[in-house]
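First up is the structure itself, then whatever we jot down about it.
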């Protein structure tokens with residue numbers, strides 16, 4: 001190595017270069033990519049009584065609302081059944097009705113807590129559609145604000161979250177209790 005060659009240190013970065021810290025990404029990067037490794041996190045997290053540790057906002061009879069640990073946007077929630085089911089047609093009528101009611105409630109919680117201008121709400125079925133855990137259906141409820149980044153670049157590139165997961169949980173959970 002030529003020691004006379006200049007090296008660029010962080011102090012020498014161009015003034016326009018900004019640093020974005022996404023500390024939440026490392027657990028995602030290191031998480032098992034094979035669904036058989038570590039089991040299904042959606043069924044595992046409901047086995048505890050510590051909802052705050054698992055970011056579970058609301059438990060229904062057959063479904064629950066939880067914060068996404070790897071959010072696309074601040075306040076990104078998931079609504080899903082307790083039972084591991086891959087497709088909507090595998091749900092009972094009662095599970096489907098409560099699932100839809102909790103999707104509406106997730107939007108209500110986010111509206112009370114964060115006052116978004118809109119929502120992206122939907123499912124990804126199968127690996128080809130982008131489902132990270134295809135064996136367990138889940139509905140994404142993502143709050144959006146006028147002027148925030150377009151949904152596709154947010155998925156494909158860097159996400160900037162203005163609050164920690166714990167602080168966001170406290171804010172959203174306060175709005176669950178407020179009902």
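The values are calculated or read from the model by the stated rules, or taken from the named source; none is laboratory data. Only a predicted model underlies this, so the values are computations on that prediction, with no experimental measurement involved. We place every Cβ from the backbone using ideal geometry, glycine too, and count neighbours over all the protein chains shown.
Once the range 104-133 is narrowed to residues that are within 23 Å of residue 40 (Cβ to Cβ) and more than 14 Å from the chain's Cα centre (by Cα), the residue that is modelled with the highest pLDDT is 125.
Restricting the search to the range 55-68, which residues are closer than 14 Å to residue 139 by Cα and either surrounded by fewer than 17 Cβ atoms within 10 Å (Cβ to Cβ) or under 12 Å from the mean Cα position of the chain (by Cα) (or both)? Hits for the range 55-68 are 65, 66, 67, 68.
The listed residues are 106, 128, and the only one of them that is buried (at least 18 other Cβ atoms within 10 Å of the Cβ) and part of a helix (DSSP H, G or I) turns out to be 106.
Against the criterion of being modelled with pLDDT of 85 or more, surrounded by fewer than 17 Cβ atoms within 10 Å (Cβ to Cβ) and either assigned to a helix (DSSP H, G or I) or over 18 Å from the mean Cα position of the chain (by Cα) (or both), residue 52 qualifies. Could you check how many residues of the range 68-91 are touching a strand residue (DSSP E or B) at 6+ places or on another chain (Cβ under 8 Å) and either at pLDDT 95 or above or more than 18 Å from residue 121 (Cα to Cα) (or both)? Going through the range 68-91 one residue at a time, the tally reaches 8. Which of the residues spanning the range 134-172 are at pLDDT below 55, out of contact with any strand residue (DSSP E or B) (no Cβ under 8 Å at 6 or more places or on another chain) and either part of a helix (DSSP H, G or I) or closer than 22 Å to residue 40 by Cα (or both)? Residues satisfying the conditions are 152, 153, 154, 155, 156.
Candidates are the residues of the range 71-87 that are touching a helix residue (DSSP H, G or I) at 6+ places or on another chain (Cβ under 7 Å) and in contact (Cβ under 8 Å) with a residue 60 or more places away in the chain; the one that is surrounded by the fewest Cβ atoms within 10 Å (Cβ to Cβ) is 72.
Scanning the range 88-124 for residues that are farther than 30 Å from residue 174 by Cβ and out of contact with any helix residue (DSSP H, G or I) (no Cβ under 8 Å at 6 or more places or on another chain) returns 89, 90, 92, 93.
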